[in-house]
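Step one of this worksheet: look at the structure below.
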Amino acid sequence: MRAVLASLLLLISGACLAQSFGAVDRSLPGATATQDFLPVEQAYKLDVEILDERSVRLHWQIAPNYYLYQHRFAFEMQDDKGSIDLEHDIPAGLSRNDEYFGEVEVYYHSADITLTLQRNTQRATVSATSQGCAEAGLCYPPNKQYYEVDFTAGTVVQVKPPETEAASQPP
């Protein structure tokens, strides 16, 4: 009986010891079992400003250890007359060999892009699409943001997607 009891105690203590090897003391700085990722709006903060009657600046503030892909930027602008042709000034990024896209250019810390309208308008909606990843391995899906730009008043306000796009977005 003693041998069975001793064997049982040895087996239980071995299992407890094995479990403690996998445990993480979360009170220690930097000790986490899983990586916490920022929401896309915090990882890539977009600010839009009017430069003059035909140009708009888009500035992304990028969180540490996150980056944006240059080739994933896309821009559209529309007013009550329809689509407005845009020229964009996108600075060179840093070269990176990406496991999904191959050789690409990316931006760390910030990205500054100027859009130039090819015709005048008083008020329009600009959409800016971007996509990026965290160095720790999470890549976000493309993120499309909308802003109402009032060139007459000199104001920019973030707005919800138009009804046609909102309906096609998954819940």
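The values are calculated or read from the model by the stated rules, or taken from the named source; none is laboratory data. Since the model is a prediction, treat every value here as computed from it, not as a measurement. Positions of Cβ are backbone-derived with ideal geometry, glycine not excepted, and every protein chain shown enters the neighbour counts. For accessibility, only protein heavy atoms count, side chains too; no ligands or nucleic acids. Shrake-Rupley method; radii C 1.70, N 1.55, O 1.52, S 1.80 Å.
Go through the range 123-169 and give me each residue that's at pLDDT below 95, open to solvent by 60 Å² or more (accessible area, probe 1.4 Å) and over 18 Å from the mean Cα position of the chain (by Cα).
GLU163, THR164, ALA167, SER168
Which of the residues belonging to the range 75-108 are in a loop (DSSP other than H, G, I, E, B), out of contact with any Phe, Trp or Tyr (no Cβ under 7 Å at 6 or more places or on another chain), within 27 Å of ALA134 (Cβ to Cβ) and open to solvent by less than 80 Å² (accessible area, probe 1.4 Å)?
Across the range 75-108, the qualifying residue is only PRO91.
For the range 109-121, give me each residue that is open to solvent by 60 Å² or more (accessible area, probe 1.4 Å) and farther than 18 Å from GLU87 by Cα.
Matches in the range 109-121: HIS109 only.
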